[in-house]
1. Does Val115 meet the test of being open to solvent by less than 40 Å² (accessible area, probe 1.4 Å) and assigned to a helix (DSSP H, G or I)?
2. In the set Ala143, Ala124, which member is over 21 Å from Glu73 (Cβ atoms), under 24 Å from the mean Cα position of the chain (by Cα), modelled with pLDDT under 90 and among the small types (Gly, Ala, Ser)?
3. Which one of these is among the small types (Gly, Ala, Ser), in a helix (DSSP H, G or I) and open to solvent by less than 80 Å² (accessible area, probe 1.4 Å): Gly104, Gly83, Gly72?
4. Output the residues belonging to the range 21-34 that are out of contact with any Phe, Trp or Tyr (no Cβ under 9 Å at 6 or more places or on another chain) and either closer than 24 Å to Met86 by Cα or open to solvent by 80 Å² or more (accessible area, probe 1.4 Å) (or both).
5. If only one of Ala59, Ala98 is assigned to a helix (DSSP H, G or I), more than 15 Å from Ser125 (Cβ to Cβ) and either open to solvent by less than 40 Å² (accessible area, probe 1.4 Å) or among the aromatic types (Phe, Trp, Tyr) (or both), which one is it?
6. Taking the range 43-56 on its own, how many of its residues are open to solvent by less than 80 Å² (accessible area, probe 1.4 Å) and either under 15 Å from Glu109 (Cα atoms) or more than 26 Å from the chain's Cα centre (by Cα) (or both)?
7. Looking at (1) more than 30 Å from Val57 (Cα to Cα); (2) open to solvent by 60 Å² or more (accessible area, probe 1.4 Å); (3) at pLDDT 65 or above, can you tell me which one Leu166 breaks?
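The values are calculated or read from the model by the stated rules, or taken from the named source; none is laboratory data. Keep in mind the model is a prediction, meaning the values are calculated, not measured. Positions of Cβ are generated from backbone atoms using ideal geometry, with glycine treated the same way; all protein chains shown enter the neighbour counts. Protein only, heavy atoms only, side chains kept; ligands, DNA and RNA dropped before computing areas. Shrake-Rupley method; radii C 1.70, N 1.55, O 1.52, S 1.80 Å.
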Amino acid sequence: GVVCSRVPRLAAAWERQVACSIAVPITSVFFASIGTYVPLAKMFHPKALGIGLLYSVAAIVGKWVTGLLAWGEGGWIGANVIGWAMVGRGELGFVMAASALKSGLLDEESFAITVWALLVATLASPLLFRYCLKWQEQERVRAAILSRKEHRLKADDVKNMESIALGGSPMEEIRGDAGEAN
């Protein structure tokens, strides 16, 4: 990778020809291997489910608040985009939990709780992130439309001022009867 990285357009070619074709099988193998660790009997135990959901709320809120701390030029919407992008924990959390289970640091019930917390956060994040991106785009479009309207209003004000400067009446401009004979 490092040797070939200096070749122009090689990264794009690698992505197009190789990475896309192997991503799905590798991802499938990864999730299947993590899935073999999941103790299904413990996963749906009320205690594991309840505590796992409670932990997922804490995990989601913690990362989301971190995004809000990044409040900047994007304002509330931009902070939400950052926050929801950070919520997804994904594969690293699953790998660490599986490793802790394998090495005896977690028992099956604690592992099931951890899987619930990771699973809910991992599934909620892309949905809410996509919603925030759409919200951000809608606000950009709305701001552009308002800017255009404001620009047009300013242009109309200039036209009215020119008319008044040339001897017209502001009321004539408003009524639309400028230049009409009585």
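1. So Val115 fits the description; yes.
2. Ala124
3. Of Gly104, Gly83, Gly72, the one residue that is among the small types (Gly, Ala, Ser), in a helix (DSSP H, G or I) and open to solvent by less than 80 Å² (accessible area, probe 1.4 Å) is Gly83.
4. Hits for the range 21-34 are Ala23, Val24, Ile26, Thr27, Ser28, Val29.
5. Residue meeting the stated conditions: Ala98.
6. Number satisfying all stated conditions: 7.
7. The single condition Leu166 does not satisfy is (3).
The rows are residues; the columns are (1) of a type in the set (Val, Ile, Thr); (2) out of contact with any strand residue (DSSP E or B) (no Cβ under 6 Å at 6 or more places or on another chain); (3) modelled with pLDDT of 85 or more.
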{"site": "Leu40", "(1), (2), (3)": "no, yes, no"}
{"site": "Met43", "(1), (2), (3)": "no, yes, yes"}
{"site": "Ala48", "(1), (2), (3)": "no, yes, yes"}
{"site": "Ile51", "(1), (2), (3)": "yes, yes, yes"}
{"site": "Leu54", "(1), (2), (3)": "no, yes, yes"}
{"site": "Ala59", "(1), (2), (3)": "no, yes, yes"}
{"site": "Glu73", "(1), (2), (3)": "no, yes, no"}
{"site": "Ala98", "(1), (2), (3)": "no, yes, yes"}
{"site": "Ser103", "(1), (2), (3)": "no, yes, yes"}
